[in-house]
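The values are calculated or read from the model by the stated rules, or taken from the named source; none is laboratory data. Here the structure is a predicted model, which means the values were calculated and not measured. Here Cβ is always computed from backbone atoms with ideal geometry, including for glycine, and neighbour counts include all displayed protein chains. Areas reflect the complete protein model, heavy atoms only, side chains present, ligands, DNA and RNA absent. Shrake-Rupley method; radii C 1.70, N 1.55, O 1.52, S 1.80 Å.
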Amino acid sequence: MSTSMSLSASAAASPSILPLPRRRSPPASRVPFRTLRPLPRLLSSARPLLPATAAMATDGAAPAAASKKNLLIFDAEEDLAVSLAKYAAELSAKFAAQRGAFTVVVSGGSLIKALRKLTEAPYLETVDWSKWHIFWVDERVVPKDHDDSNYKLAYDGFLSKVPIPTGQVYAINDALSAEGAADDYETILRQLVKNGVLAMSTATGFPRFDAMLLSMGPDGHLASLFPGHPLVNEKQKWVTHITDSPKPPPERITFTFPVINSSAYFAMVVTGAAKAGAVQKAVSDKKTSDLLPIEMVVLQDGEFTWFTDKEAVSMLQN
């Protein structure tokens, strides 16, 4: 599989499209660059977020095209949020039409705030929220009303403001232990595969979520997969647990990399100078043996898009 990355900046009237270094990986077909249709107030020339010809699997089959990476840079976080809402709404319409369902994985952290534009016009009225199925890439094993709960963060900032059916919001069973909650969550995912709600990737044999909308930490961790922790090497389980998280609270459940890397579309939302070092290492072609978790996101047959601001990419100037 080969990857390519395009770069778009929101500041200029006609932003340049520059190739960034390609990471070596097994050979596969190349995905060509395309010309973007305009995004209001953001991008006047670049590759479209959702090209009509983009290869994707809607029935679990692996597309023929290779994985692709895009880097979007915005002057202001407000512009980023506008673009992220458009991205999510277009994916929602695409998968709702093709599959009759839209399976979305979210994280905690700054991601929920970045989704706020979806709770406003026009998306509040035009998105078919009845097709959405919401999952968490990780969760802290705490009560749902606890301040550390990713469910509470998402409910307060997003879920309480959009009409997604409650039965299609898949929170963990917080009455269970971390191990029990992880096993229970994987059981739910397997049942949704049997029901046809969740697709399977024939390329990997793992569930294929339509979209993952995530943020990462300054140390380059995503989900509850931390640098140097043994869980980054888990290859069999869909969902696993951690009891010694280096970031409190210590007990959590998390998706594994085989599941993350099987997703159809992956958006990483990163803002602020504190994360510039992790961004620089993730997109650099100079790889070391001590990979950050974000560097281990290598989609098998999907599209990876960075949503960043100038501070987050400040170390890429050279």
Filter result (open to solvent by less than 10 Å² (accessible area, probe 1.4 Å) and either in contact with a Lys or Arg (Cβ under 7 Å, 6 or more places away or on another chain) or among the hydrophobic types (A, V, I, L, M, F, W, C) (or both)) within the stretch 284-298: I294, E295, V297
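Quick grid of which residues meet (1) in contact with a Leu (Cβ under 8 Å, 6 or more places away or on another chain); (2) of a type in the set (D, E, K, R):
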{"position": "A282", "(1), (2)": "yes, no"}
{"position": "D290", "(1), (2)": "no, yes"}
{"position": "Q300", "(1), (2)": "no, no"}
{"position": "F307", "(1), (2)": "yes, no"}
Matching entry among S245, S263 (being in contact with a Lys or Arg (Cβ under 6 Å, 6 or more places away or on another chain) and on the phi < 0 side of the Ramachandran plot): S245
Per the filter on the stretch 238-281, residues open to solvent by less than 10 Å² (accessible area, probe 1.4 Å), of a type outside the set (A, V, I, L, M, F, W, C) and part of a loop (DSSP other than H, G, I, E, B) are T256, S262, S263
Tally, over the stretch 282-318, of residues that are outside any loop (DSSP other than H, G, I, E, B), farther than 19 Å from S224 by Cα and not hydrophobic (A, V, I, L, M, F, W, C): 5
Scanning the stretch 122-181 residue by residue, those in contact with a strand residue (DSSP E or B) (Cβ under 9 Å, 6 or more places away or on another chain) and of a type in the set (K, R) turn out to be K131, R140
